[in-house]
Amino acid sequence: SNPDFPHYGLSEEHQAIREAVRAICDAKVVPFAADVDEQARYPQEAADALLAADFHAPHVPEQYGGAGADALATVLVIEEVARACASASLIPIVNKLGSVPVQIGGSEEMKAKYLGALARGEGGFSYCLSEPDAGSDAANQKTRAVRDGDSWVLNGVKRWISNAGVSEYYTVLATTDPDKGSKGISAFVVEKSDEGVSFGAPEKKLGIKGSPTLEVYLDNVRIPADRLIGEEGKGFQYAMQTLDHTRITIAAQAVGIAQGALDYALGYAKERQQFGRPIADNQGLQFLLADMGIKVEAARQLTYAAAGRSERGDADLTFFGSAAKCFASDVAMEVTTDAVQVLGGYGYTRDYPVERMMRDAKITQIYEGTNQVQRIVVARQLLAGIQS
Ligand code: CAA
């Protein structure tokens, strides 16, 4: 064997980030995760701790006052937080999702203003693409933006907006030319304090109950012309490019949830005695645990590989982003369901965390594009000959 062979894994710096996040989570996230779910309340303790450590929006580049975490480091932050509390992991996830369109298309002035504010913790950043009739068919935008002198006037309804109401800033997709389809869509930054912005009642969800999901109403919202992100008509392209990068964060969340469930199931299997010995002594249970461990590690490796593509901007990023999100979220659903099985009747109760993890895992197969949409994207990439 060759001891000089480069290590295929995390750098020391990346490992240090993982350990730093884990320590914060053990102290400030794990102890509140059950209560956050039970009360369906915002994970304020986690939000405060993540902000204090600059992990609330780690992806913001240093030049705008951010922590400057690369895509892999951001994935590690999200994975570790999700391992403790999926709801809390939506803080760095949503802040990245909402602000990447500004990073991709925005002017230097816009980036300095909004990425700076996000990095300083002046407000979170939500992403408003979905509408009541524009879910998987994201190009079917009904929200309208009309130019009027030095302003744009926005009207419409955005649905399923994660962390709406909590966030100060919103990237809003709207059609500026309905005749042009996806080429007539533009992106804007809207602030919570803009006149005409209001919110619906929080959705009552199966999981991620600590992350509020609301409708956002835009009623004659007049914003200055310079809130247009990049070029008119490029909004859909920015929105899709954003998802190429951020579907990897959902993969990271899924890996974290699955790892949390596996950790708990392993500990339980060694403790729980039946027939006079730990249930972990049964090979039937060992095989279940083995499959769980294999799946989590495979999902993790694909997610880290995708993060590398995101950081470098490789041509096969679209394939990797969708593949990682699709695979890791399916793994999260399987592994959390199996963790409930390992705990048996106890696993089915709220006295143990695995049923929460199973409920939290489900959304990862749905948001940032359903796994059916991911398979469409992956198939299109394969058929176009784009894969590493
Ligand atoms: N990068 C750059 N451009 C892209 C692109 C990408 N990844 N994907 C598409 N485009 C461009 C296309 O090139 C095309 O332009 P041209 O005509 O010049 O080639 C244009 O955008 C339209 O693309 P399509 O023809 O592929 O569009 P489509 O209508 O067939 O839709 C889709 C494709 C993949 C189904 C897309 O609508 C989609 O991803 N849907 C799912 C939406 C989604 O993921 N929503 C998530 C909401 S956010 C959320 O969930 C957040 C949360 O709560 C945390």
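Mind telling me which of the residues Ser193, Ser167, Ser182 ends up being outside any strand (DSSP E or B) and more than 16 Å from the ligand (Cβ to nearest atom)? It would help to see each step written out before you state the result.
Details: Ser167 fails: more than 16 Å from the ligand (Cβ to nearest atom); Ser182 fails: more than 16 Å from the ligand (Cβ to nearest atom).
Step by step, each of Ser193, Ser167, Ser182 is checked, and only Ser193 is outside any strand (DSSP E or B) and more than 16 Å from the ligand (Cβ to nearest atom).
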When (1) within 23 Å of the chain's Cα centre (by Cα); (2) in a helix (DSSP H, G or I) are applied to Ala269, the one that fails is (1)
- Query: Do we find a residue being open to solvent by 40 Å² or more (accessible area, probe 1.4 Å), assigned to a loop (DSSP other than H, G, I, E, B) and either within 16 Å of the ligand (Cβ to nearest atom) or of a type in the set (Asp, Glu) (or both) anywhere in segment 215-222?
  - Reply: no
Ser126 fails exactly one of (1) open to solvent by 10 Å² or more (accessible area, probe 1.4 Å); (2) under 19 Å from the mean Cα position of the chain (by Cα); (3) closer than 30 Å to Ala33 by Cα, namely (1)
| said: Suppose the filter is open to solvent by 30 Å² or more (accessible area, probe 1.4 Å), of a type outside the set (Asp, Glu), modelled with pLDDT of 95 or more and under 22 Å from Arg247 (Cα atoms); does Arg159 pass it? | reply: yes
Q) Does any residue of segment 349-359 turn out to be within 11 Å of the ligand (Cβ to nearest atom), open to solvent by less than 10 Å² (accessible area, probe 1.4 Å) and farther than 15 Å from Ala252 by Cα? A) no
Phe125 fails exactly one of (1) without any contact (Cβ under 8 Å) to a residue 60 or more places away in the chain; (2) within 16 Å of the ligand (Cβ to nearest atom); (3) not small (Gly, Ala, Ser), namely (1)
Open item on the list: Can you confirm whether Gly200 is in contact with an Asp or Glu (Cβ under 7 Å, 6 or more places away or on another chain) and under 15 Å from Ser167 (Cβ atoms)?
Closed with: yes
Contact list, first residue from segment 1-15 and at pLDDT 80 or above, second anywhere and surrounded by 10 or more Cβ atoms within 10 Å (Cβ to Cβ), beta-carbon distance below 7 Å, six or more apart or interchain, is His14/Leu72; His14/Ala73; His14/Leu76
Criterion first (in a strand (DSSP E or B), without any contact (Cβ under 8 Å) to a residue 40 or more places away in the chain and either under 26 Å from the mean Cα position of the chain (by Cα) or within 16 Å of the ligand (Cβ to nearest atom) (or both)) does Ser198 satisfy it?
yes
Of the candidates Gly105, Gly135, the one satisfying the condition of being within 14 Å of the ligand (Cβ to nearest atom), farther than 21 Å from Tyr42 by Cα, surrounded by 16 or more Cβ atoms within 10 Å (Cβ to Cβ) and under 18 Å from the mean Cα position of the chain (by Cα) is Gly135
With the first residue restricted to segment 207-227 and required to be over 30 Å from Ala332 (Cα atoms), and the second required to be open to solvent by 30 Å² or more (accessible area, probe 1.4 Å) and among the hydrophobic types (A, V, I, L, M, F, W, C), Cβ contacts under 8 Å at 6 or more apart or on different chains are Tyr217/Val157; Tyr217/Phe199; Leu218/Val157
Exactly one of Thr364, Thr370, Thr336 is within 13 Å of the ligand (Cβ to nearest atom) and open to solvent by less than 20 Å² (accessible area, probe 1.4 Å), and that residue is Thr364
Review point. Right, Phe236: touching a Phe, Trp or Tyr at 6+ places or on another chain (Cβ under 9 Å) and open to solvent by 30 Å² or more (accessible area, probe 1.4 Å) or not?
Key: no
Of the conditions (1) within 11 Å of the ligand (Cβ to nearest atom); (2) among the small types (Gly, Ala, Ser); (3) within 25 Å of Ala174 (Cα to Cα); (4) surrounded by 15 or more Cβ atoms within 10 Å (Cβ to Cβ), the single one that Ser89 does not satisfy is (3)
### Query
Of the residues that make up segment 242-262, is at least one more than 20 Å from the chain's Cα centre (by Cα) and open to solvent by 30 Å² or more (accessible area, probe 1.4 Å)?
no
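In the set Gly66, Gly98, which member is crowded, with 23+ Cβ neighbours inside 10 Å and in contact (Cβ under 8 Å) with a residue 24 or more places away in the chain?
Working: Gly66 fails: crowded, with 23+ Cβ neighbours inside 10 Å.
Just one listed residue meets the conditions, Gly98.
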Of all helices (runs of 4 or more DSSP H) fully inside segment 42-150, the set with 3 or more residues that are in contact with a strand residue (DSSP E or B) (Cβ under 6 Å, 6 or more places away or on another chain) is 86-105
By residue number, the members of segment 308-328 that are open to solvent by less than 10 Å² (accessible area, probe 1.4 Å) and either away from the ligand (no atom under 12 Å from the Cβ) or among the aliphatic types (A, V, I, L, M) (or both) are Ala324, Ala328
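So which of Leu302, Leu288 ends up being away from the ligand (no atom under 16 Å from the Cβ) and either open to solvent by less than 10 Å² (accessible area, probe 1.4 Å) or under 22 Å from Arg22 (Cβ atoms) (or both)? Working first, answer last.
On the way: Leu288 fails: either open to solvent by less than 10 Å² (accessible area, probe 1.4 Å) or under 22 Å from Arg22 (Cβ atoms) (or both).
Checking each option against the conditions leaves just Leu302.
The values are calculated or read from the model by the stated rules, or taken from the named source; none is laboratory data. As the structure is a computational prediction, the values presented were derived from the model and not from experiment. Quick reminder, even Gly has a Cβ in these numbers, built from the backbone with ideal geometry, and neighbours come from all protein chains shown. SASA here: full protein model, heavy atoms, side chains in, ligands and nucleic acids out. Shrake-Rupley method; radii C 1.70, N 1.55, O 1.52, S 1.80 Å.
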